[in-house]
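Here's the structure we're looking at; comments come further down.
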Amino acid sequence: MTTILIGISVGLGALVVLLLALLVVRWRSDNSTDERVAEVVASLNARMDELGRELAGALERAEEEGRRSRIFGELAGSIDLDEVLSRTLEAAGALEDADAALVMLPDPTGGKPLVATLGLSVEEAERHAITGPPDGRLARSITMSYTYPELEREANPGEEVIHAGLAVPLPGDTSTLGYLTVFTRRKGHEYADDDVRQLETLALRAGPAIENARRFREARQLADLDALTGLHNRRYFHETLARECARAHRYERKLSLIVFDLDDFKEVNDRIGHLAGDTVLAEAAERVRDVVRTADIACRVGGDEFAVILPESSLEDADQLYRRIQNSISSRPLGQGGKLFLSAGVAELRAEDDPMAFFQRADDALYRAKEAGKGRVVSANSPRLGPA
């Protein structure tokens, strides 16, 4: 690119020198040569304009290459999966005529695939996600075109719809990770080999970065889980509580917390042994997981003590969740432990609370529930919300 810029600059310089020479010739000539000189000057002006356009195009291409190099460097330097996917989509969306971009990563365990998108809604992204050819083979690229009924176009004349798409595989160390797809809203657009090569170049750089970031996320998730119950562990609980407290304070949002444990669990351990007691804890955690909401963060904070962080929730929301958990735990026997109940303390974040003070208020309320007769919930803001 530097060579191109130098060549264009030299060409411009030569034209300027030639133009000056012609002006000198014209000054010395008679009127009979004026028309010929005017034609040459017009030709030179046209060439100057052409060189100017070439220079502007070269500068634009240089800036684009610099931007891509920066994105590629950021891809290789990050292990945060969300950031890597965002950078990949940004680079894909910057390709010519790309109005939207999509990354689809199947879950190796057979769960729901990970879909990240730029320029599409979540619903559109899920509809347009590419999984590969129907026979399971690996395609170098997949092109798609979309046509729409006349009646639909008449009903939505101003709507910009997707007209074509191009997908290429994202290579991993041993297998394909998924597909990177770009879409255009230009009617009649056809993708060429150069489009495929550009998208392949991006996929080759993005694939290893995505794989490394996903491995890091999976390792981090395993490190955040309690091995016995599968709930989040104590470290993750305190990190998340600090983050949610900061967010709630910053945006003046509600945040509630439940801290609970199984009543008389020590006696259960003494009666059936610790191994059987661990089975009871694991089953109790499974029942907790079944009733908490998607946004709630359920954790094991130690022994038979658990906690649930409830973003965007009031004290009443926490009380209702406690009752659902209590009903799920006590509705039928927990393995060899028999029928058990739980006691809980609930708290809603106050303006003066830091994470430790917030947790301490809920934990103190739990011990007041124990003192009040067990099998009940006590609010950190009042003596008692009532028995289960």
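The values are calculated or read from the model by the stated rules, or taken from the named source; none is laboratory data. What you see is a predicted model, and the numbers here were worked out from it, not measured in a lab. Please note: Cβ atoms are built from the backbone with ideal geometry, for glycine as well, and neighbour counts cover all protein chains shown.
Values computed for the structure shown
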{"read-out": "Residue 255 closer than 26 Å to residue 308 by Cβ and surrounded by 16 or more Cβ atoms within 10 Å (Cβ to Cβ)", "value": "yes"}
{"read-out": "Test for residue 343: is it free of Cβ contacts under 8 Å to residues at least 60 places away in the same chain, closer than 24 Å to residue 381 by Cα, in contact with a Lys or Arg (Cβ under 8 Å, 6 or more places away or on another chain) and crowded, with 20+ Cβ neighbours inside 10 Å", "value": "no"}
{"read-out": "Any hit, the range 124-138, residues being among the β-branched types (Val, Ile, Thr) and at pLDDT 80 or above", "value": "no"}
{"read-out": "Lone unmet requirement of (1) out of contact with any strand residue (DSSP E or B) (no Cβ under 9 Å at 6 or more places or on another chain); (2) more than 22 Å from residue 93 (Cβ to Cβ); (3) surrounded by 14 or more Cβ atoms within 10 Å (Cβ to Cβ) for residue 225", "value": "(1)"}
{"read-out": "The range 299-340, residues that are free of Cβ contacts under 8 Å to residues at least 12 places away in the same chain and part of a helix (DSSP H, G or I)", "value": "316, 320"}
{"read-out": "Given (1) in contact with a strand residue (DSSP E or B) (Cβ under 9 Å, 6 or more places away or on another chain); (2) assigned by TED's automatic domain parsing to the domain that holds residue 176, index of the condition residue 209 fails", "value": "(1)"}
{"read-out": "Residues satisfying the stated conditions in the range 183-235, i.e. of a type in the set (Val, Ile, Thr) and within 18 Å of residue 301 (Cβ to Cβ)", "value": "229"}
{"read-out": "Sole residue being in a helix (DSSP H, G or I), touching a residue at least 12 places away in the same chain (Cβ under 8 Å), out of contact with any strand residue (DSSP E or B) (no Cβ under 6 Å at 6 or more places or on another chain) and under 30 Å from residue 282 (Cβ atoms), chosen from 235, 214, 220", "value": "214"}
{"read-out": "Single match in 114, 120 (criterion: in contact with an Asp or Glu (Cβ under 8 Å, 6 or more places away or on another chain) and over 15 Å from residue 203 (Cβ atoms))", "value": "114"}
{"read-out": "Pairs with Cβ under 7 Å, 6+ apart, first in the range 88-106 and free of Cβ contacts under 8 Å to residues at least 60 places away in the same chain, second in a helix (DSSP H, G or I) and not aromatic (Phe, Trp, Tyr)", "value": "90/71"}
{"read-out": "Members of the range 250-269 that are within 11 Å of residue 312 (Cα to Cα), in a loop (DSSP other than H, G, I, E, B) and of a type outside the set (Lys, Arg)", "value": "252"}
{"read-out": "Residue in the range 180-189 that is of a type in the set (A, V, I, L, M, F, W, C), out of contact with any helix residue (DSSP H, G or I) (no Cβ under 8 Å at 6 or more places or on another chain) and not assigned by TED's automatic domain parsing to the domain that holds residue 285 present", "value": "no"}
{"read-out": "Matching residues, the range 160-178, being closer than 20 Å to residue 145 by Cβ and crowded, with 23+ Cβ neighbours inside 10 Å", "value": "166, 167, 168"}
{"read-out": "Among (1) of a type in the set (Gly, Ala, Ser); (2) part of a strand (DSSP E or B); (3) more than 15 Å from the chain's Cα centre (by Cα), the one test that residue 139 misses", "value": "(2)"}
{"read-out": "Condition check for residue 281: over 30 Å from residue 353 (Cα atoms) and buried (at least 20 other Cβ atoms within 10 Å of the Cβ)", "value": "yes"}
